[in-house]
1. Restricting attention to the stretch 38-123, which trypsin sites (Lys or Arg not before Pro) occupy a DSSP loop and are surrounded by at most 15 other Cβ atoms within 10 Å?
2. Among bridges DSSP assigns within the chain, what percent are antiparallel (round to 5)?
3. Residue separation times 0.36 nm, minus the C-alpha to C-alpha distance between residue 61 and residue 118: what's the value?
4. Return the single residue from 77, 103, 68 with maximal mean-square fluctuation; model: Gaussian network over the chain, springs between Cα atoms under 10 Å.
5. Let me make sure I get this right: for the chain, a, b and c are the square roots of the gyration tensor eigenvalues over alpha carbons, sorted descending. Under 1.5 in a/c it's rounded, otherwise prolate if a/b > b/c, else oblate. Which is it?
6. For the chain, give the magnitude of the charge dipole about the Cα centre (Cβ charges: +1 Lys/Arg, -1 Asp/Glu; no others), in debye to the nearest 20.
7. Could you state the number of Å between the C-alpha centres of the stretch 1-77 and the stretch 91-123?
8. Using a/c under 1.5 as the rounded threshold, could you call the stretch 34-103 rounded, prolate or oblate? The axes a ≥ b ≥ c are square roots of the C-alpha gyration tensor eigenvalues, and prolate needs a/b larger than b/c, oblate otherwise.
Amino acid sequence: VQLQASGGGLVQAGGSLRLSCAAPRRTFSRYAMAWFRQAPGKDREFVAAIRWSGGSTYYGDSVKGRFTISLDNARSTVYLQMNSLKPEDTAVYYCAARRYEGTWSNPQEYNYWGQGTQVTVSS
């Protein structure tokens, strides 16, 4: 299963970006999608997650109120709208998919990963 992440780029502090992650239609069930990020020298950090069924959302503390995760079932695509960006948001952003419920913030529980897209926020 390949997840295609896109939408990264360079933006000034206070600006916005929208990331997209296309998930191929599959024959097996999928449970939820998420975004993680990883800055140089740091661990992978949970950003946000959304369930395919019902659309319940979950956010990491550092992005609450600024980022919004959403999905388009018809396009099998998940979005991450990032507003009020800060230099500390600079990282490679990864989308991920999981089959089962568990701990949203634990990257080891995700079954599939996209290739990552770079987000750079200048001060």
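Only the coordinates and a few stated rules stand behind these numbers; no lab work does. In this text the structure is predicted, and so the values were computed from the model without any measurement. Neighbour counts run over all protein chains shown; Cβ positions are idealised from the backbone, glycine included.
1. Within the stretch 38-123, the qualifying trypsin sites (Lys or Arg not before Pro) (loop, at most 15 other Cβ atoms within 10 Å) are 42, 64, 66, 75, 99.
2. Working: 36 of 41 bridges.
Beta bridges within the chain, antiparallel portion: roughly 90 percent.
3. Details: separation 57, 0.36 × 57 = 20.52 nm, distance 2.08 nm.
18.4 nm is the gain from fully extending residue 61 to residue 118.
4. Of 77, 103, 68, the Gaussian network model singles out 103 as fluctuating most.
5. Working: a/c = 1.72, a/b = 1.60, b/c = 1.07.
In terms of gyration-tensor shape, prolate.
6. Working: 14 positive and 8 negative charges, 69 e Å.
So the magnitude is around 340 debye.
7. What the calculation gives is 7 Å, centre to centre.
8. Working: a/c = 1.90, a/b = 1.50, b/c = 1.27.
Note, shape of the stretch 34-103 comes out prolate.
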